[in-house]
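I have a structure here, written as structure tokens, and I will follow up with some questions on it.
The values are calculated or read from the model by the stated rules, or taken from the named source; none is laboratory data. Everything numeric in this text was worked out from a predicted model, so none of it was measured. So basically every Cβ, Gly included, is an ideal-geometry build from the backbone, and we count neighbours across all protein chains shown.
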Amino acid sequence: MRRYELMLLLRPDLEDDKLQAAVEKVTRAIVNGGGSLSKVSPWGKRRLAYDINRHREASYFLIHFDIEPSQVREIERGMLISEEILRHLVTVLEDRGPADELAPAAAARSADGDGIDEPEAEDESDAPDLAIEPSVDTTIDDVAEEVPAAEEHAEAERPA
């Protein structure tokens, strides 16, 4: 089983009993899928960063739960059908399965220790010199002299 976090954004015009019914519908789907709820916390109404279906606010709910990964898609399908839910996002918090289920790349990283791959420098003399020296010989006065000359040249090329 994996631990997931679900953020629900519900329509702001729903009454409290309808909000609770919508959240109850989602939690029932989680439990019916073989999952278990860890935490359900209402965050209240908050202003959205952009309009969603002409709504400027939404009622936020955060749900933590444990479930098999194969059941998450079915729960999301039910949330997409619901008209009360403006948006939802399911994220994996942690993997609670045995270590032999890890992906080969993840297993290799965990075998290294810290999981950070750093290139090993052989010798500092092999490293390229990154010092950049300025190569500009032009001054502001030189540029100022060229601008009027360019304007005169452009006027000379115009047909009369």
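How many residues, within the range 9-37, are surrounded by 13 or more Cβ atoms within 10 Å (Cβ to Cβ) and assigned to a strand (DSSP E or B)?
Adding up the residues that qualify gives 3.
For the range 69-77, indicate whether the set of residues that are in a strand (DSSP E or B) and out of contact with any helix residue (DSSP H, G or I) (no Cβ under 8 Å at 6 or more places or on another chain) is non-empty.
Among the residues of the range 69-77, not one is in a strand (DSSP E or B) and out of contact with any helix residue (DSSP H, G or I) (no Cβ under 8 Å at 6 or more places or on another chain), which makes the answer no.
Any idea which residue in the range 1-29 is modelled with the highest pLDDT, counting only those that are over 24 Å from ARG54 (Cα atoms) and hydrophobic (A, V, I, L, M, F, W, C)?
Residue satisfying both the conditions and the ranking: ALA29.
Only residues that are outside any strand (DSSP E or B) and in contact (Cβ under 8 Å) with a residue 60 or more places away in the chain: list them for the range 43-68, please.
Hit for the range 43-68 is GLU68, nothing else.
Something else: For the range 51-64, how many residues are loosely packed, with under 10 Cβ neighbours inside 10 Å and touching a Lys or Arg at 6+ places or on another chain (Cβ under 9 Å)?
Qualifying residue count for the region: 1.
So which residues in the range 1-38 are at positive phi and among the acidic types (Asp, Glu), if there are any at all?
none
When you scan the range 42-61, do you find a residue that is at pLDDT 95 or above and within 22 Å of MET1 (Cα to Cα), even just one?
no
So in the range 75-86, with the set limited to residues that are over 20 Å from the mean Cα position of the chain (by Cα) and surrounded by fewer than 14 Cβ atoms within 10 Å (Cβ to Cβ), which one is nearest to GLN20 (Cα to Cα)?
Taking the candidates together, the pick is GLU83.
Give LEU6, LEU89 a once-over and let me know the one that is in contact (Cβ under 8 Å) with a residue 24 or more places away in the chain, surrounded by 14 or more Cβ atoms within 10 Å (Cβ to Cβ) and under 22 Å from the mean Cα position of the chain (by Cα).
LEU6
Yes or no: VAL40 assigned to a helix (DSSP H, G or I) and either of a type outside the set (Lys, Arg) or touching a strand residue (DSSP E or B) at 6+ places or on another chain (Cβ under 8 Å) (or both)?
When the stated conditions are applied, VAL40 does not pass them.
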